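Scroll down for the structure; my scribbles are underneath it.
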Amino acid sequence: MRYQLNKTIAVIGLMGAGKTAVGTLVAQKLGAAFLDSDQEIEKAANMSVAEIFARDGEGFFRTKESQILERLLKSEPCILSTGGGAYMTEVNRKLISDHGVALWLKADLDLLWSRVRHKDTRPLLRTDNPKQTLADLLEKREPVYANAEIVVESEKGISLDDMANKVVETLLNAPHSGVTQKAG
């Protein structure tokens, strides 16, 4: 089966939701390009997200993130993994709504924690109680993430391939996803 991507699918969700891993597979299954906004920011800055946070602060990072998102959303349609905080900014939500569609990979705290607890690349979790910090972020961000046009619930124990298939099926059945099947 061949697919046509008519607009960018911006994959949103908290750290550990699988935005990059699942997004990469979804892009492959749809025959679309995959981009990661955090990687694009790192390329532009020639430093890691953690280094940007440490040197310039979160405010500077969020400004750069909006600039990169705008550029990527106005380019060829693709599967775009966004940073966990990107959708929290109203300007970014509007950019995504105007030029693409938001797809929320929704995951509960236990699943998220199982995926991020051993990683030291998460600047927002460099706290005395990182699990509580993650819980607080989830509580704060879920109501905003709920504005996404498409929601796909992560399941514990589901393989990456099965999760990607679930996302593709959801996109094909969502009326305004921008994904269509092509003959041949």
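LYS74 meets each of the listed conditions (1) within 28 Å of LEU172 (Cβ to Cβ); (2) surrounded by 13 or more Cβ atoms within 10 Å (Cβ to Cβ) apart from (2).
Taking the stretch 89-118 only, how many residues are hydrophobic (A, V, I, L, M, F, W, C) and either in a helix (DSSP H, G or I) or over 13 Å from GLY13 (Cα atoms) (or both)?
The number of residues fulfilling the criteria is 9.
The residues of the stretch 108-118 that are modelled with pLDDT of 80 or more and not charged (D, E, K, R), listed by number, are LEU109, LEU111, LEU112, TRP113, SER114, VAL116. Based on this model, can you work out whether PHE53 counts as modelled with pLDDT under 95 and at negative phi? Taking the combined requirement at face value, the residue satisfies it.
Scanning the stretch 1-47 for residues that are in a helix (DSSP H, G or I) and of a type in the set (Val, Ile, Thr), we see that the one that is surrounded by the fewest Cβ atoms within 10 Å (Cβ to Cβ) is THR20. Total residues in the stretch 19-42 satisfying the condition of being within 16 Å of ALA164 (Cβ to Cβ) and in contact with a Ser or Thr (Cβ under 6 Å, 6 or more places away or on another chain): the figure is 5. Screening the stretch 119-154 for residues that are of a type outside the set (A, V, I, L, M, F, W, C), part of a loop (DSSP other than H, G, I, E, B) and modelled with pLDDT of 95 or more and picking the one that is nearest to GLY23 (Cα to Cα) gives GLU149.
The values are calculated or read from the model by the stated rules, or taken from the named source; none is laboratory data. It should be emphasised that the depicted structure is a prediction, and the values quoted were computed from it without experimental measurement. Ideal geometry is used to build each Cβ from the backbone, glycine not excepted, and the neighbour counts take in all protein chains shown.
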